[in-house]
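Enquirer: Sharing a structure here in structure tokens format.
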Amino acid sequence: QVQLVESGGGLVQAGGSLRLSCTASGTIFSINAMGWYRQAPGKQRELLAAITGGGSPNYADSVRGRFTISRDNAKNTVSLQMNNLKPEDTAVYYCNAYIQRHIGSYFTTCWGQGTQVTVSS
């Protein structure tokens with residue numbers, strides 16, 4: 001079993017900051033890419049940022065320059081620093097990781113349970 005647990009969501013005023021963290025636990029041999037998604041009510045889940053196993057980040061246009069993704073491979077953790085938050089950033093935020101549970105096994109995509117971020121105007 002593999003679990004991804006997010007933390008750090010909450011309520012913040014526009015212009016404020018939040019830092020989300022996500023830790024993977026369980027039987028893990030290797031983690032490849034990790035990422036953050038969000039889903040607002042009535043909208044599709046969208047990819048915000050991803051980071052390779054080697055630490056190279058990529059961002060959606062909507063968050064580039066405001067959000068920063070990072071990872072700690074020793075702790076199986078991925079974080080998302082969110083600055084200059086806007087009301088339109090309000091959504092449930094999910095982490096995602098491409099995990100190999102055993103040597104030689106396939107990589108599978110694992111998801112966290114989600115954490116609510118609400119930005120008030």
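Enquirer: Restricting to region 55-82, name every residue that is more than 26 Å from Gln3 (Cβ to Cβ) and open to solvent by 60 Å² or more (accessible area, probe 1.4 Å).
Expert: Asp61, Arg64, Gly65
Enquirer: With the structure loaded, tell me whether Tyr98 is crowded, with 19+ Cβ neighbours inside 10 Å, in contact with a Phe, Trp or Tyr (Cβ under 6 Å, 6 or more places away or on another chain) and over 15 Å from Val119 (Cα atoms) or whether it fails that test.
Expert: Here the answer is no, as Tyr98 does not meet what is asked.
Every residue, every condition in (1) in a loop (DSSP other than H, G, I, E, B); (2) over 23 Å from Thr118 (Cβ atoms); (3) in contact (Cβ under 8 Å) with a residue 12 or more places away in the chain; (4) touching a His at 6+ places or on another chain (Cβ under 9 Å), yes or no:
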{"position": "Gly16", "(1), (2), (3), (4)": "yes, no, yes, no"}
{"position": "Ser21", "(1), (2), (3), (4)": "no, no, yes, no"}
{"position": "Trp36", "(1), (2), (3), (4)": "no, no, yes, no"}
{"position": "Gly53", "(1), (2), (3), (4)": "yes, yes, yes, no"}
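Enquirer: Condition first: touching a Lys or Arg at 6+ places or on another chain (Cβ under 6 Å) and among the hydroxyl-bearing types (Ser, Thr, Tyr). Now tell me which residues in region 2-35 satisfy that.
Expert: Once the filter is applied, which keeps residues that are touching a Lys or Arg at 6+ places or on another chain (Cβ under 6 Å) and among the hydroxyl-bearing types (Ser, Thr, Tyr), region 2-35 yields only Thr27.
Enquirer: Conditions: (1) of a type in the set (Ser, Thr, Tyr); (2) within 19 Å of Gly8 (Cβ to Cβ); (3) open to solvent by 70 Å² or more (accessible area, probe 1.4 Å). Tyr106 meets all but one. Number of the miss?
Expert: So the condition that Tyr106 fails would be (2).
Enquirer: If you don't mind, another one. Using the structure shown, decide if Leu11 is touching a residue at least 24 places away in the same chain (Cβ under 8 Å), open to solvent by 60 Å² or more (accessible area, probe 1.4 Å), assigned to a strand (DSSP E or B) and closer than 19 Å to Gly114 by Cα.
Expert: Yes, satisfied.
Enquirer: What pairs can you find where one residue is in region 108-120 and among the hydroxyl-bearing types (Ser, Thr, Tyr), the other is open to solvent by 50 Å² or more (accessible area, probe 1.4 Å), and their Cβ atoms are less than 6 Å apart, with a gap of 6+ or different chains?
Expert: Every condition considered, the pairs that remain are Thr109/Tyr98; Thr118/Leu11; Ser120/Gln13.
Enquirer: Quick check on my filter: what residues within region 91-107 are of a type in the set (Ser, Thr, Tyr) and touching a residue at least 60 places away in the same chain (Cβ under 8 Å)?
Expert: Once the filter is applied, which keeps residues that are of a type in the set (Ser, Thr, Tyr) and touching a residue at least 60 places away in the same chain (Cβ under 8 Å), region 91-107 yields Tyr93, Tyr94, Tyr98, Ser105.
Enquirer: Among the residues of region 1-45, what is the count of those that are touching a helix residue (DSSP H, G or I) at 6+ places or on another chain (Cβ under 9 Å) and among the basic types (Lys, Arg)?
Expert: Number of matching residues: 1.
The values are calculated or read from the model by the stated rules, or taken from the named source; none is laboratory data. Model, not experiment: these values are computed from the prediction. Because the Cβ atoms are built from the backbone with ideal geometry, glycine has one as well, and the counts that use them run over all protein chains shown. Just the protein is used for accessible areas: all its heavy atoms, side chains included, with ligands, DNA and RNA removed. Shrake-Rupley method; radii C 1.70, N 1.55, O 1.52, S 1.80 Å.
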